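The values are calculated or read from the model by the stated rules, or taken from the named source; none is laboratory data. Note that this is a predicted model, so its numbers are computed, not measured. Cβ: placed from backbone, ideal geometry, glycine included. Neighbour counts: every protein chain shown. All accessible areas refer to the heavy atoms of the entire protein, side chains included, with ligands and DNA or RNA removed. Shrake-Rupley method; radii C 1.70, N 1.55, O 1.52, S 1.80 Å.
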Amino acid sequence: MRKFQVITLFPEMVEGVFSTSMLWKAQKEGIVQLTTVQLRDFGLGPRHQVDDTPYGGGDGMLLMVEPLWRAVRYAKSQDPQAMVVLTSPRGQRWHQAMARQHAADSRGIIFICGRYEGVDERILAVVDEQWSIGDFVLTGGELPAMTMIDSIVRLIPGVLGGELSAQIESFTDGSTLEYPQYTRPEEFQGMRVPSVLLSGHHARIAEWRHQQSQRLTKKNTSQA
Ligand code: SAH
């Protein structure tokens, strides 16, 4: 069973996502185990302090190294082989091939979610990789961790059901987008489903889908 652990000050945020739809189903079927580790439990002193002001001055607070270190050690005790990932704007940019690679891997992943102005740099001593979801700054690493876990788990065999639906979708080859899709009814508010899709002619349908994919991909790459 694949294990994903998320070290966070806001487990309720992550658990909401974990208990919904495909992620919930994947856990119920024993394909993945998704858990949170409350960073506060590893805080220092009677107030379980986890953050402090940066040396050298500057705005905001940083997550202290010791609570993070202890939380990582605890998570490792639950899954000794797991890799440790720090969510960070500095990290390697997340993309579909990485999701695919980690869906095929059997190693567990421990995500560290930064908050406030980030984390004490020394935590990198126990971090294997840093991953980013894009060139913008969020208030915490929870949304990135959930985004990455969601994109990995849906590619693990058995989760989506129809394995093919994951094989021919957007970005499978790095850039190509999926073609437009329609379901019932055939007409809605005067908008009709393209007639080729109702023709039952498999070769023509495949050709139409290929052309549409090319058109959307060209449009997308010219916007980038
Ligand atoms: N001061 C930092 C930003 C801190 S944001 C800087 O300027 O780089 C607080 C935390 O949110 C980070 O430690 C990280 O864990 C998470 N985070 C914010 N944006 C992110 C992104 N694009 N990708 C991954 N994690 C991100």
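Can you give the accessible area of residue 52, probe radius 1.4 Å, in Å² rounded to 10?
70 Å²
Quick check: at a probe of 1.4 Å, how many percent of the accessible area of the chain sits on carbon and sulfur atoms?
Carbon with sulfur: 52 percent of the solvent-accessible area.
Which percentage, to the nearest 5, of the DSSP beta bridges contained in segment 1-102 is antiparallel?
In segment 1-102, DSSP labels about 30 percent of beta bridges as antiparallel.
What nm value, rounded to one decimal, do you get for the distance between residue 96 and residue 215 when each label is placed 7 Å out toward the C-beta?
My value for the distance between the label points is 1.9 nm.
Which value, in Å², gives the accessible area per residue of the chain when a 1.4 Å probe is used on the protein heavy atoms?
Per residue, the chain has an accessible area of 58 Å².
Quickly work out the residue 41-to-residue 181 label distance, labels modelled 7 Å from Cα along the C-beta direction, and quote it in nm with one decimal.
The two pseudo-label positions are separated by 3.8 nm.
For the chain, what is the largest minus smallest coordinate of the Cα atoms on each principal axis, given in angstrom and ordered from greatest to least?
Reported extents, whole Å, longest axis first: 70, 40, 32.
Across 5 Å bins from the origin, how do the percents of Cα pairs in segment 125-201 run, short distances first?
Histogram of Cα-Cα distances, whole percents per bin: 3, 10, 13, 15, 16, 14, 11, 8, 5, 2, 1, 1, 0.
If the chain between residue 171 and residue 203 were fully stretched, how many nm would it gain, using 0.36 nm times the residue separation less the Cα-Cα distance?
Full extension of this stretch gives 9.2 nm more.
Using 0.36 nm times the number of residues separating residue 139 and residue 117, minus their current alpha carbon distance, what extension gain do you get?
Length difference between fully extended and current span is 7.1 nm.
Suppose every K and R has +1 on its Cβ and every D and E has -1 on its Cβ; what is the size of the dipole of segment 83-128 about the Cα centre, in Debye to the nearest 20?
Roughly 160 debye, rounded to the nearest 20.
Roughly what angle does helix 65-78 make with the longest principal axis of the chain, taking Cα atoms, 0 to 90 degrees, to the nearest 10?
60 degrees
For 64, 98, give the ranking by accessible area with the largest first, probe 1.4 Å.
64, 98
What distance in nm lies between label points placed 7 Å from Cα along the C-beta direction at residue 28 and residue 1?
So the label points at residue 28 and residue 1 sit 1.5 nm apart.
Given the rule -39500 (n - 2.57) for each run of at least 4 DSSP H residues, summed and divided by the residues of the chain, what is its mean residue ellipticity at 222 nm, to the nearest 500 deg cm²/dmol?
-10500 deg cm²/dmol
Can you tell me the relative contact order of segment 104-171? Whole percent, Cα pairs under 8 Å, sequence separation 6 or more.
32 percent
Compute the signed sum of charges (Lys and Arg +1, Asp and Glu -1) over the other residues within less than 11 Å, Cβ to Cβ, of residue 69.
With Lys, Arg at +1 and Asp, Glu at -1, the neighbours total +2.
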